[in-house]
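The values are calculated or read from the model by the stated rules, or taken from the named source; none is laboratory data. Predicted model, so just to flag it, every value in this text is computed and none were measured. Cβ coordinates were reconstructed from backbone atoms using ideal geometry, including for glycine residues, and neighbour counts include every protein chain displayed. To get the accessible areas, we keep the full protein, side chains included, count just its heavy atoms, and leave off ligands, DNA and RNA. Shrake-Rupley method; radii C 1.70, N 1.55, O 1.52, S 1.80 Å.
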Amino acid sequence: MIIDAQSVKGAETVSSATRGYDKRKDINGRKRHLIVDQDGLFVDLLVTPADVQERAAAHILLTRLHAAHPEIVLVWADNAYGGVEFTAWAQNTLGITIKVVPRPDDAKGFILLPKRWVVERSNSWTMRARRNTRDYERLMSHSEAHIQWAFITLMTRRLARQHRRSAAALAQEQLTAAA
C-alpha cells in the first residue's frame, strides 16, 4: 500500500469551517489523503481541511486499513509520514511498517521516486474528472464521494474494455477455425 496527501483549492462554496491553509503548498482549501494498492487503485480516502497534518490523517486511515485488512503490514510513504513517534505507533499498535521513500536533497522540481510514483499517478487519474481539480463541495463526505466515483469510473472502464488480441493470436484462431 502507498499513502499520500494532495492539497486542492477550495471554491467559495466550501465553508470556512471545513477549509484550511496548507503553508507548504500555498493552498487554501482541503487535503485529500489517499491510500492505494501497488497498482494505484483506490483502497481508502479521507478529506480534511488543508491545514491537517498528514500524520494526523494517517492515524485514522491506517486504523481503518488495519481493521479492514489486518494482513497488510507495509505502507510506503513520503517524508511527511516519517518521524519516530508516528512510525513507532504504526508498528507497535497496528503492526504496520511505514517505509519512507525520501526525496533526494539535491532534487529540483518533479522527480520519479520508487513506489511513490504509483500514488502520484492515482492522484492524476482523479484529476481527469474535471470536477476534482478544485473542491466545490460543502461537505467533506461529498468530496470523498466524488473521488470514489472517479476511481469507480476508472476501474469499470478498465474492466469493460475489450482486450486487443495480437495479430499472431488472430492468425492462429483463423487457422484453427479453417481446419
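Histogrammed with a bin width of 5 Å, the alpha carbon distances of the chain distribute as 1, 8, 15, 17, 18, 14, 10, 5, 3, 3, 3, 2, 1, 0, 0 percent, first bin at zero. Using alpha carbons only, the radius of gyration of the stretch 59-149 set against its Kirkwood radius gives Rg/Rh = 1.02.
For LYS25, give me every one of the aspartates and glutamates with a C-alpha distance below 16 angstrom, ignoring sequence neighbours fewer than eight places off in its own chain. List returned: ASP4, ASP51, GLU54, ASP78, GLU120, ASP135.
Near ALA145, within a Cβ-to-Cβ distance under 13 Å, what is the net charge of the other residues, with Lys and Arg +1 and Asp and Glu -1?
Details: positive: ARG32, ARG131, ARG138; negative: ASP135, GLU137, GLU144.
With Lys, Arg at +1 and Asp, Glu at -1, the net is 0.
Heavy atoms of the protein chains alone define the surface here; on that basis the chain has 61 Å² accessible area per residue at 1.4 Å probe size. Put a plus charge on the Cβ of each Lys and Arg, a minus charge on the Cβ of each Asp and Glu, and nothing anywhere else: the dipole of the stretch 77-154 about its Cα centre is then about 360 debye. Rolling a 1.4 angstrom probe over the chain with all protein chains present gives an accessible area of which 55% lies on carbon and sulfur atoms. According to the Cα-based calculation, Rg over Rh for the stretch 110-156 is 1.04, with Rh computed by the Kirkwood formula.
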